[in-house]
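Undergrad: First the structure, which I've put down as structure tokens, then a few questions once you've had a look.
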Amino acid sequence: MKIKTVKNWLAGSVVASLLGVAGIAQANDKEIVIGGSIPMSGVFSFAGIGIHAGIQDYVKIINDSGGIEGYKLRYVPEDSGYKVDVSVAAFKKITSQNKVDFYYGDSTGFSKTINPELNRMDSILMSGASFATELNDPEKYPYQFLAGPDYTEMFSILLRYIAQEKPGAKVAFVYSDTEFGRDPIEASRKVAEDLGLKVALELMTPPGSVDVSTETAKMRRAKPDYTIFHGYILAPIPEFIEQARKMGLDTKFMGTFWTMDNSTVMQMGEVGDGFMGVMPYRYYYDESAPAPMLEKIREMRPEYQNVPYIQGFLSAMLYTESARRVLAEGKELTAENMKAALNTIKDFDTGGLIGVPITISGNSIPVGRIYQADASKGQMVPVSDWIVLE
């Protein structure tokens, strides 16, 4: 399947979409409301636009099929600009005007800031864009979950692949000097050790474009077999790879979720050929196995949809499934009941969005697959089976 790039949206149309999105202005007692602090503008807008479309499309699919247990879904988003204070203000506005059952948060900062309020309210179950390891704690964050593995689990999936492909390999961790970047590093040292791998080098850099010549010189001396980048979207990864290859360094470069969108990796051009990483979802264009939900998405949106779209879509699917289970038992839609229902999900079929049935026993879905960039195809292609952490 040929991939078409998603067209840029004009700011006006984005605002119009947000204002009209779930479309139902009148309150309805028989409705389930999904609120959202969605970063439709700002530095994270590429993700926010995809997330927004994914939630919107799943809501439409459910409502067009008659809803669940007599309830229709209504989606109420606000643009957060990827700013915690704006996200909090959006949450307060949406929850003051609607009886909200589920909420999508835009960042780790927002998820941590709003958590005491979620615990106090006991009425909203929340997921979001963050895969922060800290959020994967059912005691501290009882009414939140991650629609995929946390960042430490992503590293664990990568390290398990490495240990199987090259036992005893030397690994480098390269990460940004941010909370996001530092998140999985300490725990992943122990995981690597337990798998018989050697962490030969750790490098921390500012996020974004920086001079990495000093760091690549250190990499040349350490000679890692694999280098895992984390805490970046794109830069300075291409710079690292280009300089390392000029030095003749023979290492395989890898990334985590927020680097792994097909359109992001393909921006690297030839430098990105062979780049690998972990992805908890199938890509939009993947036709290697039956995936009825992906087929439905491709019917609704013929142009390539990024992985944040899939994350938003899956989040809405899991909101709906937890609500369906609560209502089917005749219980009230409280956060406690909805999270308990979410944790009854066992061997659940996502319609092929994830290539194996999923089980949610805690706050995350610890599953992923290793994909590799094939520049000739312009696609990320799978190079492993689905890896499920116990």
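Undergrad: Which residue pairs have Cβ atoms closer than 8 Å, lie 6 or more positions apart in sequence or on different chains, and pair a first residue in segment 164-183 that is open to solvent by 10 Å² or more (accessible area, probe 1.4 Å) with a second residue that is charged (D, E, K, R) and part of a strand (DSSP E or B)?
TA: Here the result reads G168/K198; K170/K198; Y175/E202, each pair linking segment 164-183 to a residue that is charged (D, E, K, R) and part of a strand (DSSP E or B).
Undergrad: Test each condition in (1) buried (at least 24 other Cβ atoms within 10 Å of the Cβ); (2) at negative phi for G148 and report the one that comes out false.
TA: (2)
Undergrad: Let me ask something additional. When you check I32 against the structure, is it within 22 Å of the chain's Cα centre (by Cα) and either modelled with pLDDT of 95 or more or crowded, with 20+ Cβ neighbours inside 10 Å (or both), yes or no?
TA: Judged against the criteria, I32 is not a match.
Undergrad: A further question follows. Evaluate the following for L294: is it closer than 26 Å to I387 by Cβ and of a type in the set (A, V, I, L, M)?
TA: Yes, satisfied.
Undergrad: Tell me which residues, restricted to segment 344-375, are out of contact with any Gly (no Cβ under 6 Å at 6 or more places or on another chain), in a loop (DSSP other than H, G, I, E, B) and touching a residue at least 40 places away in the same chain (Cβ under 8 Å).
TA: T350, G351, G352, L353, I354, G355, I360, G362, N363, S364, P366, A375
Undergrad: Which of the following residues is within 25 Å of G128 (Cβ to Cβ), of a type in the set (A, V, I, L, M) and open to solvent by less than 30 Å² (accessible area, probe 1.4 Å): I228, I241, I233?
TA: Selected residue: I228, the only one of I228, I241, I233 that is within 25 Å of G128 (Cβ to Cβ), of a type in the set (A, V, I, L, M) and open to solvent by less than 30 Å² (accessible area, probe 1.4 Å).
Undergrad: Go through segment 67-86 residue by residue and tally those that are open to solvent by less than 10 Å² (accessible area, probe 1.4 Å) and more than 23 Å from T320 (Cβ to Cβ).
TA: Counting residues in segment 67-86 that are open to solvent by less than 10 Å² (accessible area, probe 1.4 Å) and more than 23 Å from T320 (Cβ to Cβ) gives 0.
Undergrad: Those residues that are crowded, with 20+ Cβ neighbours inside 10 Å and farther than 11 Å from A163 by Cβ, I need them from segment 186-199; list them, please.
TA: Correct list: S188, V199.
Undergrad: Something else now. For a quick check of your reading of the model, give me the residue pairs whose first member lies in segment 185-197 and is in contact (Cβ under 8 Å) with a residue 12 or more places away in the chain and more than 12 Å from F173 (Cα to Cα), whose second is in a loop (DSSP other than H, G, I, E, B) and open to solvent by 100 Å² or more (accessible area, probe 1.4 Å), with beta-carbon atoms closer than 7 Å and at least 6 apart or on different chains.
TA: Cβ pairs passing all conditions: G196/P167.
The values are calculated or read from the model by the stated rules, or taken from the named source; none is laboratory data. Just so it is clear, the structure is predicted and the values come from calculations on it, not from any experiment. When we count neighbours, we look across all protein chains shown, and the Cβ atoms used for this are built from the backbone with ideal geometry, even at glycine. Areas reflect the complete protein model, heavy atoms only, side chains present, ligands, DNA and RNA absent. Shrake-Rupley method; radii C 1.70, N 1.55, O 1.52, S 1.80 Å.
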